[in-house]
Amino acid sequence: MSNIVSALNNKAYADGIAEVREIGLQGMITLRGDLASSAVKSAATSVTGVKMPAPGHANSDGQHGICWMSPDELLVLCPYDAVADTLEKMGKSLAKAHALYVDVSDARAVFELSGPHAREVLAKLVPVDLSPAAFTSGMFRRSRMAQIPAAFWLHAPDSFRIVTFRSNAQYAFDLLKVAAQPGSEVGYFKG
């Protein structure tokens, strides 16, 4: 039997102005349906233990979380080894609801970008206003990171989680690493 590994097997870069780290295996379930439906809300919140996020936000606690992807889509986060059980529990909540829920864990890669210059590093790569006044803790965006689709949120002060397709993992890591090179500070968000 083969060992399950994440896209980059926890690859990290810590020699620049921010730390870039692939976080390893993360359970991820796409949930599509009417987000106002009590069944859909319950399916997401009961398995994660976090509150339903507002549009354009993510609520997370460790490996558990809910990310608002679009008006009819959530990304439900759970431990990787709990995906099958989580899907089963969600199925019970959604038995009579018109909804779709599917495991996308192995199709994605997740990175953590952290440090006092993390905001500046990501701002070099995405067309999003990341100023501290405009992008606060818990805010979530789906956008482009250079030439690839990416989703990200500020999950802790000076720390972003970034989700990309697994097939783009090395490219995403290299982008973040180059943007975090020593001496590449821009100082735009300072003072």
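Quick one: is ASP103 in contact (Cβ under 8 Å) with a residue 60 or more places away in the chain, surrounded by fewer than 20 Cβ atoms within 10 Å (Cβ to Cβ) and not basic (Lys, Arg)? Yes; evaluated as a whole, the condition is true for this residue.
Restricting ILE4, ILE66, ILE29 to residues that are at pLDDT below 95, among the β-branched types (Val, Ile, Thr) and farther than 20 Å from MET145 by Cα narrows the list to ILE4.
Take the conditions (1) closer than 29 Å to SER38 by Cβ; (2) at pLDDT below 95; TRP153 misses just one of them, which is (2). Is it fair to say LEU113 is surrounded by fewer than 22 Cβ atoms within 10 Å (Cβ to Cβ) and under 25 Å from LYS51 (Cβ atoms)? So LEU113 does not fit the description; no. Summed over the stretch 167-191, residues that are surrounded by 20 or more Cβ atoms within 10 Å (Cβ to Cβ) and farther than 14 Å from ALA146 by Cα total 1.
The values are calculated or read from the model by the stated rules, or taken from the named source; none is laboratory data. Small disclaimer: the values here were computed from a predicted structure and weren't measured. Note that each Cβ is placed from the backbone with ideal geometry, even for glycine, and that neighbours are counted across all protein chains shown.
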